[in-house]
Structure formats: C-alpha cells, structure tokens
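See below for the structure under consideration.
The values are calculated or read from the model by the stated rules, or taken from the named source; none is laboratory data. These figures come from a predicted structure and were not determined experimentally. All Cβ positions, even for glycine, are placed from backbone atoms using ideal geometry, and neighbour counts span all protein chains on display.
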C-alpha cells in the first residue's frame, strides 16, 4: 500500500467503500425480496388450497415452490452482477475524478522539481488556490524566501572573504619573489621551502579568485551575443603554451551563436579545455566541437587521457573534489574549476555531464537551451 500513488489510494478506498455499500444493499434487498416472494407463495397456496377442485390450480400449487426458488436465485444473481458492475464503474470514475482533483498537487510537484539555486524568486506559488493548498503554498513561498536569503548571505560572505584575502596573498607572493631574487645562493633546503611557499601561495590566490568569481555569478549580465567559434580560438591561443609543454594538439569543429555572459562562458570553456590539456596523455589531442541540435546547443570537449572512473563522474563537479589528489597537486588545481563550470552552465539554463569516459579518453558535454 505504501508503494501506491495517492490517486490509486483514493481510487481503491472509494471503490472499497462503494463495494461495501453495494454488498450491504444487495444483502438487504435479497433478504427483503426473498421474504416477500415467500409471502406471495404462501398467499397463492392459501388462496388455491391443497383441496382445490380445479386441477389447473392444483398443478400450479405444486409447481409454485420451484418457480419461487428460481425467481429468488435469479434475483440474487442479478443483484450480485449489478453490485460488481457498479463497484467497477465507480472505481474507474473515482480514478479519473481523483486525477482531476489532484491536478494542483501535480502542478506543485512540477514546480518544486524546477527549483534551482538561480531561480528561487521565480518559483513562488500563487496563494490564490484551493483552501487545502493555500497553507502549503504559503509555507513553500516562505521556505524559498529563507533559502534565497541564506544563499545570498553565503555568497556575500564568500565574496567578501575572497576579496579580503587577495591583498595579503599578493603581498606574500611579492615578498617571496623578492626574497628569492635577492638571495639566489640559499641552501637547497631553503630553496625547496621557498618553492613550496610560492606554490601554495599561488594555489591560495587562484582559489580566492575562483571563489570571488563564483560569488558574483548571479549578478552577471547574460545578454551578450556570443559567437562560440572565435571564443574557442581565443582560448586555444591563451592555452597554447600549456599545450605545447606536453605536445597536445588543439582542434576545433563547428560554430554557433548564443546569448549569455561573455566572460562567464569564456571561463567555462577555458576551464574545460585547460582540464582536458592537464589530464591528457603526452602527444594527445583536445577536440572542442560545437553543434546546434533541434532544442539546444551542444558543446563537447574530448581528450585522450586515462578516463574518469564511473563512480566519480558526478562527483567531479562538486567543490574541492579530486579523483587523484597527487595528480591534481602536480597540475596545480584547487578543486573548484569544474564546480565553477557547473554553476555557469546552470545560471544559463544548461547542464554539464561526462558523456563518455574510458582509457582512450573522456568527453565532457555542455548543453544550453536555444532561446
């Protein structure tokens, strides 16, 4: 019973109630009908009398019990048939009537499923609904308001913290670079220590920069008309030195236009292409393809790396998640690049996922709705 939907529960309960009512009526009608039939039989027998001289009446008197018994059987069977038909018809009717009555609940469910971090303000329910749903709508709207305030406070805190970290980190980097330049003849242990400090300071700088970008996503304008082909070529130019270090070939296929935030989409494609280069095999290739589908625009970034285990293909888009910790440290990542990609795709109404991954390489796809 717990596995049944609310509509089926209402249907079964209604059919059961009507069935019990019909059976009760049937038993009462049968009992009453058979009683009256017996009374009629007794009256006819008394009227004709066993000593009646008319042979026809005598024959009727002898056949009357059998006729009454058959009538009673037929009456009861007809009542059972009517009971079954009425119960079945009422169950079918209850199913469709309950389905119509539950339309507001289905609409509410559909709206809840569309709730995203970037559309909390647009998902509020109309409170001018049925009395049974009015309190639910108010509670849902208040919950969205609380969530919106909480997320806004979180974004402000993240942005403020990242902004405040930039200045001391920049000073630390400058002092480390200055010290290294002024003291080139330090001991190997000291040189290694300085190198480690510079590396970690750079990671903190990149992390604060990414956090600052993530905190300002919602306020970014998304009305730019963007031609993706030239943008990808610009990204290839910026990443060419990194690709040349490992002999990675950068390839592009297709072109399309869309409306969105130019700097955010540049960051999305840059992060995905940079990851594809960093986690590729030496001498491999990175291929970025753009195609227009009937309902959406699709971008694929394919590499020839070692692949992503299936159990991690959703987790890689979570903040600070890394499949290979040691490999990520070598590549200098902070674990926020793909999380930022996920957020940028979401605020543009799109989605990103691992389309396929094996030992021959990985393809990550991004889809944006056509407007």
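Assess whether residue 251 counts as being more than 19 Å from residue 342 (Cβ to Cβ) and touching a strand residue (DSSP E or B) at 6+ places or on another chain (Cβ under 7 Å). When the stated conditions are applied, residue 251 passes them. Tell me whether the range 256-269 contains one or more residues that are farther than 24 Å from residue 346 by Cα, at pLDDT 90 or above, in a strand (DSSP E or B) and in the same structural domain as residue 355 (by TED's automatic domain parsing). No: zero hits. Against the numbered list (1) out of contact with any strand residue (DSSP E or B) (no Cβ under 8 Å at 6 or more places or on another chain); (2) modelled with pLDDT of 90 or more; (3) assigned to a loop (DSSP other than H, G, I, E, B), residue 274 comes up short only at (3). Total residues in the range 157-182 satisfying the condition of being in contact with a helix residue (DSSP H, G or I) (Cβ under 8 Å, 6 or more places away or on another chain) and farther than 18 Å from residue 336 by Cβ: the figure is 7. Among the residues of the range 251-276, which ones are surrounded by 21 or more Cβ atoms within 10 Å (Cβ to Cβ) and more than 26 Å from residue 223 (Cβ to Cβ)? Selection gives 275, 276.
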